[in-house]
Amino acid sequence: MRKERMVALVLVIIAGILVSGCGKGGNSKAAENIQVKKDLTYAAPTEMGDINIHLYAGDMAVQDMVFEPLVDNTVEGIKPAMAESWDISSDGREYIFHLRKGLKFHDGEPFNANAVKLNFDAILNNIERHSWMSLTQKIQNYEALDEHTFKMVLSEAYYPALTELGLTRPFRFISPRNFIDGETKNGVNGYAGTGAWILKEHIPAEYAVFEANPDYWNGKPEIEKLTRKVLPIGLTTLLALEKGEVDILFTNLGADMFDADALNQIAGMKKYQVVRSSAIVTKMLLANTSNISSPASDENVRLALWYAIDRNVIAEKIMNSMDKPADTLFAKSVPYANIPLEKRSYDLEKAKQILEDSGWKTDTGYRSKDGRPLEITLNYTLSKAGEKAICEYIQSQCQKIGLKVNVQGVDRVVAVRTTPGFDIVLDYTWGAPYDPQSTLSAFHGSNSYKIPTSGMKNIDVILKNIDSALVEFDETKRQEFYTYVLTEIHNQASFIPVSYGSLMIVAPVYLENIGFNQSQYEIPFDRFTYQK
């Protein structure tokens, strides 16, 4: 009932937007006004935080706006960014990057090979923090050959090297003037990058203002000022849209920020356009296989949990049809993931039978085995809309098979899954261009998936195949390594897929070229243009 009342209220608000839009003369006047001021405000549900690009506390969309890498990951492949070209040795170990000339950081500091080297120094002096990224472990040495040429040498060939250099962090460049005592791991004194946007003002937990970089090498953005306004997800943000306090809404990791009926109303209005991406990430349950005191370490319990979840209900009802049901950890469109894997459809009776056959018995209520209750805690991130509803649905389904699930919200799931004592968390894959290599190489990283995966059967063989895949340049052999690893993950149900999520942007109709970067964490505001 509460949700129905909320939907009704949302629709009333949307109706008000429709009326106010008509009363102001429709798109032409709105477009005329925006053409004059050339600024936009977008809503964000969380504070942007410390955007030091060499650490992990800041909002990645903002970091992408301010800081740039050597190369850029796109759906068409690797493209030049701060390096306009590069050469790779025949053995795949040496990379020589030819840097763009005449570029400066936002504070006037020159961007050159020495600045690249200083940034590499700062990153690799904090190498343990970046252990999730295999590239950091394979960089043997590097040097500035001259002002505009930078050389990187790896200990062995590593096929995702360019991809990882192009990720949102940490291999992006901040002005050496912002370093503190030659380092960035303990903080920085400013945020001067080379990107399309310059941070001008920041009031924590309220807003941040960015201005277009007039000297941007790829052309100054048409939007002259961009304001990131912190607003709670849901009704408050829709009210802000109705009042004209925000112009753009952006949902990350699935379009569960707003009710589907409200989105459909917005999509039918003349003032706004709703643009959705293809499926980018997988929502999944990550089980701690190493916590032997937890029933989650029992493969049969994980398989029963898999069968107890009706993914159609989650995708269509809870996620408002913005998600798609997920049968595997990675969608078939992810490189190397288009392999035959057993499909496990929703089947409560099969879930019960698996538990029964494996010794989890019940007379009434919840099951137990050898005096141990079948009880686990499922953690989710409090700030992500829709996660609580998903977890409570899973809780209700598991009750039907005699598995007690305690649902608990936390500030950061990553802080939970890097501790030995957790049971299961609702988490996300990293999406393109990270997958599959970054997710799988994170099996080594203590800050990523090392703890929850270390109890898997044949984990040593799995890790060996992951390592082999990352350094194998023969596509056929690389596929064989990935096939083994993904099959083991699937068979052991250590990662239980829930749904494939997408991104969504609600924007005024007078904006064109609305779209998405390959990464789920980036918003290409610099490509947005006004109708001519």
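The values are calculated or read from the model by the stated rules, or taken from the named source; none is laboratory data. As the structure is a prediction and not an experimental result, all values here were calculated from the model. Quick reminder, even Gly has a Cβ in these numbers, built from the backbone with ideal geometry, and neighbours come from all protein chains shown.
Report whether or not Gly445 is buried (at least 20 other Cβ atoms within 10 Å of the Cβ), farther than 21 Å from Glu299 by Cα and touching an Asp or Glu at 6+ places or on another chain (Cβ under 6 Å).
The answer is no for Gly445.
For Asp370, are the conditions met, namely being under 25 Å from the mean Cα position of the chain (by Cα) and of a type outside the set (Phe, Trp, Tyr)?
Here the answer is no, as Asp370 does not meet what is asked.
Restricting to the stretch 192-221, name every residue that is surrounded by 17 or more Cβ atoms within 10 Å (Cβ to Cβ) and of a type in the set (D, E, K, R).
Glu211
Listed here are the residues, each with its yes/no results for (1) within 19 Å of Pro325 (Cα to Cα); (2) modelled with pLDDT under 95; (3) of a type in the set (A, V, I, L, M); (4) not in a helix (DSSP H, G or I).
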{"site": "Asn491", "(1), (2), (3), (4)": "yes, no, no, no"}
{"site": "Pro497", "(1), (2), (3), (4)": "yes, no, no, yes"}
{"site": "Ala507", "(1), (2), (3), (4)": "no, yes, yes, yes"}
{"site": "Gly515", "(1), (2), (3), (4)": "no, yes, no, yes"}
{"site": "Gln518", "(1), (2), (3), (4)": "no, yes, no, yes"}
{"site": "Ile523", "(1), (2), (3), (4)": "no, yes, yes, yes"}
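Looking at Pro325 and the list (1) at pLDDT 95 or above; (2) touching a Phe, Trp or Tyr at 6+ places or on another chain (Cβ under 6 Å), which single condition is not satisfied?
Condition not satisfied by Pro325: (2).
Pick out the one residue from Ser297, Ser383, Ser345 that is over 30 Å from Leu470 (Cα atoms), surrounded by fewer than 22 Cβ atoms within 10 Å (Cβ to Cβ) and at pLDDT 95 or above.
Criteria check complete, one pass: Ser345.
If I ask for residues that are under 19 Å from Gly166 (Cβ atoms) and of a type in the set (Val, Ile, Thr), which ones from the stretch 35-83 would you list?
Ile51, Ile53, Val62, Val66, Val71, Thr74, Val75, Ile78
Within the stretch 80-109, which residues are assigned to a loop (DSSP other than H, G, I, E, B), touching a residue at least 60 places away in the same chain (Cβ under 8 Å) and farther than 26 Å from Glu472 by Cβ?
Within the stretch 80-109, Ala81, Met82, Arg100, Leu103, Phe105, His106, Asp107, Glu109 qualify.
Which numbered condition trips up Thr168, out of (1) touching a residue at least 40 places away in the same chain (Cβ under 8 Å); (2) in contact with a Gly (Cβ under 8 Å, 6 or more places away or on another chain)?
Just one mismatch for Thr168, condition (2).
Criterion first (at pLDDT 95 or above, surrounded by fewer than 21 Cβ atoms within 10 Å (Cβ to Cβ) and of a type in the set (A, V, I, L, M)) does Val414 satisfy it?
Judged against the criteria, Val414 is not a match.
Restricting the search to the stretch 327-338, which residues are out of contact with any Lys or Arg (no Cβ under 6 Å at 6 or more places or on another chain) and either touching a residue at least 40 places away in the same chain (Cβ under 8 Å) or of a type outside the set (Lys, Arg) (or both)?
Thr328, Leu329, Phe330, Ala331, Ser333, Val334, Pro335, Tyr336, Ala337
Residues in the stretch 452-473: is at least one modelled with pLDDT of 95 or more, assigned to a loop (DSSP other than H, G, I, E, B) and either in contact with a Leu (Cβ under 7 Å, 6 or more places away or on another chain) or among the basic types (Lys, Arg) (or both)?
yes
Answer with yes or no whether Leu486 is modelled with pLDDT of 95 or more and of a type outside the set (S, T, N, Q).
Yes: the conditions hold for Leu486.
Across the stretch 386-402, which residue is nearest to Tyr500 (Cα to Cα) among those that are touching a Phe, Trp or Tyr at 6+ places or on another chain (Cβ under 7 Å) and modelled with pLDDT of 95 or more?
Cys391
Just one of Glu128, Glu147 is more than 25 Å from the chain's Cα centre (by Cα) and of a type outside the set (Lys, Arg); which is it?
The conditions single out Glu147.
For residues in the stretch 61-90 being touching a Lys or Arg at 6+ places or on another chain (Cβ under 8 Å) and among the acidic types (Asp, Glu), which is surrounded by the most Cβ atoms within 10 Å (Cβ to Cβ)?
Checked the stretch 61-90; the qualifying residue surrounded by the most Cβ atoms within 10 Å (Cβ to Cβ) is Glu68.
Please determine, by comparing only the residues of the stretch 67-79 that are part of a strand (DSSP E or B) and within 25 Å of His54 (Cβ to Cβ), which one is modelled with the lowest pLDDT.
That would be Thr74.
Tell me which residues, restricted to the stretch 339-392, are touching a residue at least 12 places away in the same chain (Cβ under 8 Å), of a type in the set (Ser, Thr, Tyr) and not in a loop (DSSP other than H, G, I, E, B).
Thr377, Tyr380, Thr381, listed by residue number.
Among what's in the stretch 275-294 and is of a type in the set (Ser, Thr, Tyr) and out of contact with any Leu (no Cβ under 7 Å at 6 or more places or on another chain), pick the residue that is surrounded by the most Cβ atoms within 10 Å (Cβ to Cβ).
The extreme case among them is Thr289.
Do you know which residues across the stretch 117-159 are crowded, with 16+ Cβ neighbours inside 10 Å, out of contact with any Leu (no Cβ under 9 Å at 6 or more places or on another chain) and in a loop (DSSP other than H, G, I, E, B)?
Matches in the stretch 117-159: Ser131, Trp132, Ala157.
Within the stretch 490-501, is there a residue that is among the β-branched types (Val, Ile, Thr) and more than 19 Å from Asp435 (Cβ to Cβ)?
No, there is no match, as no residue in the stretch 490-501 is among the β-branched types (Val, Ile, Thr) and more than 19 Å from Asp435 (Cβ to Cβ).
Return the total of residues in the stretch 267-321 being of a type in the set (S, T, N, Q) and in a loop (DSSP other than H, G, I, E, B).
10
Might you check whether a residue that is at pLDDT below 95 and among the aliphatic types (A, V, I, L, M) occurs anywhere in the stretch 148-155?
no
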